[in-house]
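Novice: Before anything else, here's the structure in question.
The values are calculated or read from the model by the stated rules, or taken from the named source; none is laboratory data. Because the structure is a prediction, the values reported are computed rather than measured. Don't worry about glycine lacking a Cβ; one is built from the backbone with ideal geometry, like all the others, and counts go over all protein chains shown. To get the accessible areas, we keep the full protein, side chains included, count just its heavy atoms, and leave off ligands, DNA and RNA. Shrake-Rupley method; radii C 1.70, N 1.55, O 1.52, S 1.80 Å.
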Amino acid sequence: MDMPVSADGHHEIDWQDLLADLKENGLRSVMIEGGGPIINSLLAPERQSNIDMVIVTIAPTWLGQGGVVVSPDRCFDGKQQAIPAARLSGAKWYPFGEDVVLCGAMKLSK
């Protein structure tokens, strides 16, 4: 499977093809582990329907500028209206030492 390249020259994962291939091979549940770019890629509005559950480990490190940037790009519909960000339902927080784990089911925007 060839890896597509974005407009800025970065390799991108074709999640639709990858997940379809895994499903064809009998996998019904997949855990995807990654940092900010992977999370942002999967939480983009066009890919959210592929996600049932989110489990994120949050370490005591800076998020945002100079740290781990976890914030999908803002997207707009055909009428230039912002598409609401994804939300989790039934979210639970679990402390593990200095880290905290956030778990919740995807609640798709309407």
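Novice: Given the structure, is A82 under 25 Å from H11 (Cα atoms) and modelled with pLDDT under 80? Spell out how you get there, then give the answer.
Specialist: Details: under 25 Å from H11 (Cα atoms): no; modelled with pLDDT under 80: yes.
No, not satisfied.
Novice: Considering only residues of the range 25-56 that are hydroxyl-bearing (S, T, Y) and surrounded by fewer than 12 Cβ atoms within 10 Å (Cβ to Cβ), which is modelled with the highest pLDDT? Quick ask: steps written out before the conclusion?
Specialist: So in the range 25-56, the residues hydroxyl-bearing (S, T, Y) come out as 29, 41, 49.
Still in the running and surrounded by fewer than 12 Cβ atoms within 10 Å (Cβ to Cβ): 29, 49.
Working: S29: 88, S49: 82.
Per the criteria, the residue is S29.
Novice: Which members of the range 73-100 meet the condition of being assigned to a loop (DSSP other than H, G, I, E, B) and open to solvent by 100 Å² or more (accessible area, probe 1.4 Å)? Spell out the reasoning first.
Specialist: In the first step, residues of the range 73-100 are kept if they are assigned to a loop (DSSP other than H, G, I, E, B); the result is 73-75, 77-81, 83-86, 97-98.
Listed by number, the residues that qualify are D73, R74, K79, Q80, Q81, E98.
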